Amino acid sequence: MKKMNVDNIPADARWGMAAKGLTGALSAHLSAIHELAGKEKYAELMSAIWSQIGKGSAEEIKASGAPVGNAKEVAEAGVAVCMAAMGPEYTIEQVEADDDRTVMKIIECPWNNRLKDFGTKNDIMSACDVAFWKEFVKTLNPKVTMRHGKQMHMGAPYCEWIFEAKK
């Protein structure tokens with residue numbers, strides 16, 4: 001009989017399990033903090049926390065030597081970080097790709113999946129998203145901005161990440 005060992009689980013399956021566990025645990029924590037702190041204090045707390053997560057993620061990208069000289073490269077770096085950290089549940093398409101403007105369409109998102117799994121009704125993602133992306137993009141390339149278009153957790157059928165060169 002074969003002994004159960006993490007090495008017996010295929011790498012892609014381990015990655016998926018780890019990412020689902022991470023997004024599940026964080027979603028549960030975020031929801032609890034939102035309930036305890038209320039909307040305004042929650043947004044303040046999450047801004048402080050997720051700004052640091054964005055900065056740290058950007059520093060990892062910079063250390064890897066990945067190109068981040070324009071909006072397209074910053075967008076691709078963002079997708080790489082999100083896929084690495086949150087796994088194969090992400091389905092992301094590049095719908096517009098130019099050095100000055102790149103738009104990513106998120107068709108499936110692990111965060112949105114967890115919110116559905118848990119039946120979360122409060123908007124626990126916006127404050128985190130805004131803080132993460134603001135600091136991530138600023139740290140990688142201050143000549144690029146990022147904003148959200150559509151957002152699934154706000155009822156849209158997909159999310160949009162819009163990266164643009166500052167004018």
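For the chain, count all C-alpha to C-alpha pairs, find those more than 29 Å apart, and express that count as a whole percent of the total. Summing the P(r) tail past 29 Å for the chain gives 21 percent. Treating r as the C-beta distance of VAL6 and ALA80 and R0 as 25 Å, the FRET efficiency rounds to 0.55. In the range 43-105, a dipole from Cβ-located charges (positive for Lys and Arg, negative for Asp and Glu) runs towards its positive end, and of ALA66, ALA48, MET83 it is ALA48 whose Cα lies farthest in that direction. Shape analysis of the range 16-77 yields a ratio of the Cα radius of gyration to the Kirkwood radius, Rg/Rh, of 1.10. In straight-distance terms, cross-link reach from LYS39 covers every one of the lysines whose alpha-carbon lies under 28 Å from its own, apart from those fewer than eight places away in the same chain; here that gives LYS20, LYS55, LYS105, LYS116, LYS121, LYS134, LYS138, LYS150. Which of the trypsin sites (Lys or Arg not before Pro) found in the range 1-55 are loop residues per DSSP with 10 or fewer other Cβ atoms within 10 Å of their Cβ? Within the range 1-55, the qualifying trypsin sites (Lys or Arg not before Pro) (loop, at most 10 other Cβ atoms within 10 Å) are LYS2, LYS3.
In this simple spin-label approximation, LYS121 and GLU60 carry label points 7 Å from Cα along the Cα→Cβ vector, and these lie 3.5 nm apart. Note on the chain: with a GNM built from Cα contacts shorter than 10 Å, the maximum mean-square fluctuation among MET152, MET17, MET83 falls on MET17. When +1 charges are put on Lys and Arg Cβ atoms and -1 charges on Asp and Glu Cβ atoms, the dipole computed for the chain relative to its Cα centre reaches about 280 debye. Tell me, what is the percent relative contact order of the chain, built from C-alpha pairs under 8 Å that lie six or more residues apart? That works out to 28 percent. Under Stokes-Einstein, with the Kirkwood radius over Cα pairs as Rh, the value for the range 2-45 at 4 °C and 1.567 mPa s is 102 µm²/s.
Just so you know, all these numbers are worked out from the coordinates, no wet-lab data involved. Computed from a predicted model, the values in this text were never measured in an experiment. Note that each Cβ is placed from the backbone with ideal geometry, even for glycine, and that neighbours are counted across all protein chains shown.
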